[in-house]
Amino acid sequence: MAAPIAIHLEFGGGAELLFNGVKEHHVTLPSQSEPWDLKQLLVWIQRNLLKERPELFVQGESVRPGILVLINDADWELMGELDYQLQDQDNIVFISTLHGG
Amino acid sequence: MCQVDEDYHDGLDRAEVPSVFKKCVKCKEASAAVVIRAGDTFCRDCFKEYFIHKFRAMLGKNRIIFPGDKVLLAVSGGSSSCSMLSQVQEGLSQNAHKKLRFLPGIVYIDEGGVVGQSVDERVRTVAELQAVFRATGFPFYVVPLEQVLDLPSSVVVMAPSSSEQPASAYKEAVDQFLKSNSGSCLNPKDQDPTSLPVVPEAHTQFLQQLIVSAKTLTARHDLLNTLRQHLLVHTARTEGYRKVMLGDNCTRLAIKLLTSISLGRGAQLAQDTGFSDSRYGDIILVRPMRDYSAKEIAYYNHLFNVVSVFIPSLDTKTTEKASIQRLTESFVTKLQVDFPSTVSTIYRTSEKLQTACGSSSTDDSSDRCLLCVCTLDTSGENSSSFQATLTSEQLSQTKYPARTKTDRLHPAPVELESSVPSGSCCSSGGGEDCGEVESGEGCCSSKEPEKTNLKTLLCYSCHLTIKDMSSVEHLPQYILLEAQRRKRRSKMREEISEFLLDDGVCFRVGD
């Protein structure tokens, strides 16, 4: 049983438009039996934060191609992408590089 | 073998899952922060150095921007152009031998009126950007897109670049005309850069009508791009700049390349995507960010706190099938996920393209497209695919008047001719109808012939865009006026063609 963890989420490059224009979110993920990974975080974001047009943020299990993810200021490709296990106080940034956000 | 998912995923993804402990490929000491190309991991410091070096190398390699040149940076507020601005700042603050030596200015084109931003939103956006611009200390110009309505028609005329001499007497005369024309628009006005020019409500509405009159998002995009470029060139001319830097990055150029092909702009690819673009003659458009991928830029901006201002555009929150531009973008970015060299492969292709004859400034202005100012691609052989397209269009659609050229080859059925609206004068098509605009009578009052009239002045792709518009009346005056002028000119040339000592004519006489 993992304890609830507090993380900092940031959206940029137009991705914030899908979250009512709010760029920064401090959220606490509830405790669950297995540790939180990024894949579960995306599902959680989709259920709890995303305000509209989920297909413009998530596609399949991953983020939409063209949206970059940084975990603690490092490329998520270095961190194992979707399998990365979230730690308390992690900083996750989503930046859209797509035209028009 | 046929199961794409099984084979390729194993090969590409599983094989090289990089770990947190991976080191930077450059210094081999610090732990990596960014993966640039497949497998190339950089640490924070090396990434910064690499990024900055690339900008200077790009300018050094191409030798287009000379010391002391006045260069206008076209900043849209997006991450790419803001990154370009920060690179120029960085370059100017460098120590002696690495220092960039040109004089930058900034231009921002406020398109808020077109994308439906309210006046308040526009003021807020502009204020945000002005804060960024002011911090650089460069002169800056905030130009609302509405000013495109007041442009002189010399914008769509290619001005001669000062270094080249006209070839023949006729062309000299044309050049003289062009020179005087472009000279008249060179009246620098004292625009106070800190205050936003007041935009009359009517202008915003007119502009909105213009954009809405294009029926598809694809055409709206194309139109907006054209207008924006005209305004950029005009601003550069009036403010005395000779070069304009655009912020296109390599991901964007790869998308633009494929989009352009889909839009029928194959002939203009080199100019649309190359490092430098001299289609306007005196103003050279430069794309110094074309070596950076969108990812590199986004990471750099994030890691080194480069401020960019997000401004909604026409395709914000649209689906991926909303326009050809959008569809191409999603195609390229999706492919890029599994095949990380997609963008660079497309981009390298664009690098190999060259302008063979298009950049020569001695070209007559009537050989240039009225909208994109590229050399017309519509004067091909009878066997060209353009002619084939025209023929099939003409045969399948009765509402378009036939062209004389194709008429001779494939005589249209009689009933087709008779169904053409508003009389026979329009069905003659081709160069014959040029007098109608001038006289402004008869069939020109109906919309359809007006469209066909512009057609002879447009390249294939711009013609398609105009075809998507419900009416050309909404086009800004400077475009319509220039169209009339070219019509008159080509008519006059036709009339006096027997007396012209043109190479082609001489040859025919000698025969």
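What follows draws every value from the coordinates through simple rules; no lab data is involved. None of these values were measured; they are calculated from a predicted model. Cβ sites come from the backbone with ideal geometry, for glycine too, and all protein chains shown count toward neighbours.
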Per residue of the range B:225-237, what does 6.51 cos²θ - 1.76 cosθ + 1.60 with θ = phi - 60° give for ³J(HN,Hα)? Whole Hz please, x for Gly and Pro, Karplus curve as stated. 4, 4, 4, 4, 5, 4, 5, 4, 5, 5, 4, 4, 5
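Given a cut-off of under 8 Å on Cα pairs at least six residues apart, what relative contact order in percent is computed for the range A:5-96?
Reported relative contact order: 44 percent.
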Given charges of +1 on the Cβ of Lys and Arg and -1 on the Cβ of Asp and Glu, with all other atoms neutral, how large is the dipole of the range A:5-96 about its Cα centre, in debye to the nearest 20? 420
By the C-alpha gyration tensor axes a ≥ b ≥ c (rounded if a/c is under 1.5, else prolate when a/b exceeds b/c, else oblate), the shape of the range A:5-96 is rounded
Using θ = phi - 60° and the Karplus form 6.51 cos²θ - 1.76 cosθ + 1.60, what ³J(HN,Hα) does each residue of the range B:310-325 get, whole Hz, x for Gly and Pro? 7, 10, x, 10, 4, 9, 5, 6, 8, 6, 6, 9, 5, 8, 4, 4
Please compare each pair in B:Lys70/B:Lys295; B:Lys54/B:Lys295; B:Lys99/B:Lys243 to a cut-off of 25 Å on the Cα-Cα distance and tell me which ones are over it. B:Lys70/B:Lys295
10 Å Cβ neighbours from other chains, averaged over peptide B:30-37: 3
Sequence-distant residues sharing a close amide H with B:Leu103 (under 5 Å, placed H): B:Gly68, B:Asp69, B:Lys70, B:Val71
Counting only other chains, and only Cβ atoms inside 10 Å, what mean value do you get across the residues of A:80-86? 1
Which residues' amide hydrogens lie under 5 Å from the amide hydrogen of B:Tyr141, considering only partners 5 or more residues apart or on another chain, with H built in the peptide plane? B:Ile106, B:Val107, B:Tyr108
Please figure out what share of the DSSP beta bridges in the range A:3-96 is antiparallel and state it in percent, rounded to the nearest 5. 75
Taking amide hydrogens as modeled 1.01 Å from N in the peptide plane, which residues meet the under 5 Å criterion relative to B:Leu371, leaving out close sequence neighbours? B:Cys459
10 Å Cβ neighbours from other chains, averaged over peptide A:89-98: 4
